[in-house]
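Enquirer: Here it is: the structure, laid out below.
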Amino acid sequence: MSTQSQAPETATEPRAISTLDELRASRRATITRAETARILDVDKRTLDKALDAGEIPHLRVGRRIVVPREKLLALLTNDPSGQAAA
């Protein structure tokens, strides 16, 4: 059994974003559905309904769905230009 602990962030697995402040501070281009649901404090199924209805901007990459960080920030800050200030 190894006693070494894993670093919270690796090159292949960035630290999960859970709050609006972390979203603002992040430099990632997109976030996952799970992260988006945590930030919005909704269940993933509720988020999926909003994504399907076009209420939240997203991209499909193969079978995966990701949410553009800047567009989500703009939506949450009521920025009509679609580009939230960093």
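Every number in this text was worked out from the coordinates using simple rules, so none of it is lab data. Remember, predicted model here, so these are calculated numbers, not experimental data. Cβ sites come from the backbone with ideal geometry, for glycine too, and all protein chains shown count toward neighbours.
Enquirer: By how many nm would the segment from residue 28 to residue 41 grow when fully extended, if each residue of separation counts as 0.36 nm and the alpha-carbon distance is taken off?
Expert: 2.7 nm
Enquirer: How large is the dipole of region 11-80 about the Cα centre if only Lys and Arg carry +1 and Asp and Glu carry -1, each at its Cβ, rounded to the nearest 20 debye?
Expert: Details: 14 positive and 11 negative charges, 66 e Å.
Magnitude of the dipole: close to 320 debye.
Enquirer: Under the 0.36 nm per residue contour assumption, what length would be gained going from the current alpha-carbon distance of residue 77 and residue 50 to full extension?
Expert: Stretched out fully, the residue 77 to residue 50 stretch lengthens by 8.0 nm.
Enquirer: Once you sort the root eigenvalues of the Cα gyration tensor of region 15-86 as a ≥ b ≥ c, which label holds: rounded (a/c under 1.5), prolate (a/b larger than b/c) or oblate (the other case)?
Expert: Working: a/c = 1.43, a/b = 1.25, b/c = 1.14.
Rounded shape, in that the Cα axes give a/c under 1.5.
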